[in-house]
Amino acid sequence: MPYDHANLLPAARAALAALVCSAALAGCGAASEAAQGSRGPGAAATPSATATRTPSATATPPADRPLAGRTVVVDPGHNPGNFRHTREINEKVDIGTARKECDTTGTATDATGGAAPYTEAAFTLDVSHRLRDLLEARGATVVLTHDADRPYGPCIDERARIGNAAKADAVVSVHADGSAKGNRGFHVIVPAKVKEGAADTGPIVAPSRALGERIVAGFRRATGTSPANYLGGGTGLDVRSDLGGLNLSTAPKVFVECGNMRDPKDAALLTSGAWRQKAARGIADGIVTYLQG
């Protein structure tokens, strides 16, 4: 589910430092170790996590590396450690239009057949790893807002700042919804036009919607699933003004709700590693299409 420290914390600093270094020197980067226990059913094997891994870029991207020279920020929703830090994540932060909790724990599937619930935080991290690998294979520099390498968070305002500081060409926040049983399908949340306090989404509304539309098309094609049957009127798009991660962004940004964890049929997809790979591919295809214009 989407939810929405003045200074960027270590993982984010490492990510942005790698961006600066890559512009000046080849081979400069920073790595961080992913927290244990964040993988879900069928999770992809992942080496020690790297917040930013910068592929070589060329003036004219080759056909097999269409994102060379582009920066994409991938934001895994929530954090597997959030539930241990309820006091910290309940601290309010400014999102321009209001003050809102730093973060939440996210949702989870129901426990069935003796299997433990699969948490949204584990799901988002797994899909984000898969998405990162697909984007890097296409030439992009990828920044993760976190890699379960911190106790909790980042807070929603910091997640926005990470994308802004990276001067990202696109930012995608990965989520899964926690709606009622029978509500099925995916949707992409795009920013409403907001100008209040620190929030000014005017410059990113149109490009964010274009990014969202491309991801809807790519996700539907790759996964074979339909847009949500409970919002968006079948378009797969939902416009919101209450999410700090969107309100405070200066880069084109969307939230992707890959399905409803509280519906058994959607949950069966979300807990499948093979399906999560399709979801990551659909998001990646949408990003490529958007960035290629």
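Mind listing which GluC sites (Glu not before Pro) in the range 58-107 are in a DSSP loop and have 16 or fewer other Cβ atoms within 10 Å?
Details: sites: 88, 91, 101; in loops: 91.
Sparse-neighbourhood loop GluC sites (Glu not before Pro): 91.
Annotation: extensible slack from residue 221 through residue 292 equals 23.7 nm (criterion: 0.36 nm per residue apart, minus Cα-Cα distance). Extension gain, residue 167 to residue 200: 0.36 nm times the residue separation minus the Cα-Cα distance gives 10.3 nm.
Other residues within the sphere of radius under 12 Å centred on the Cβ of residue 152, judged by their own Cβ, net out at -3 (K and R +1, D and E -1).
Remark: the residue 210-residue 90 segment gains 39.9 nm on full extension, using 0.36 nm per residue and subtracting the alpha carbon distance.
Peptides 208-218, 66-76 ranked from most to least packed give 66-76, 208-218, packing being the mean of other C-beta atoms within 10 angstrom over each peptide's residues.
Local charge sum around residue 134 (other residues, Cβ-Cβ under 10 Å, Lys/Arg +1, Asp/Glu -1)?
Within the 10 Å Cβ shell, the charges total +1.
Heavy atoms only, probe 1.4 angstrom, no DNA, RNA or ligands counted: give me 241, 173 ranked by accessible area, highest first.
Details: 241 60, 173 0 Å².
The ranking, largest first, comes out as 241, 173.
Within the range 86-210, the proportion of C-alpha pairs whose separation exceeds 23 Å stands at 43%. Cross-link partners for residue 100 among the aspartates and glutamates, with Cα-Cα distance under 12 Å and sequence neighbours closer than 8 places in the same chain left out: 4, 91, 157, 242. Between the range 267-291 and the range 154-219, what is the C-alpha centre distance in whole Å? Comparing the Cα centres of the range 267-291 and the range 154-219, I get a distance of 16 Å. Residue 290 sits with roughly 40 Å² accessible to a 1.4 Å probe, with DNA, RNA and ligands left out of the calculation.
The values are calculated or read from the model by the stated rules, or taken from the named source; none is laboratory data. Since this is a predicted model, take the numbers as computed values, not measurements. Cβ sites come from the backbone with ideal geometry, for glycine too, and all protein chains shown count toward neighbours. Heads up: the accessible areas ignore ligands, DNA and RNA and are worked out on the full protein's heavy atoms, side chains in. Shrake-Rupley method; radii C 1.70, N 1.55, O 1.52, S 1.80 Å.
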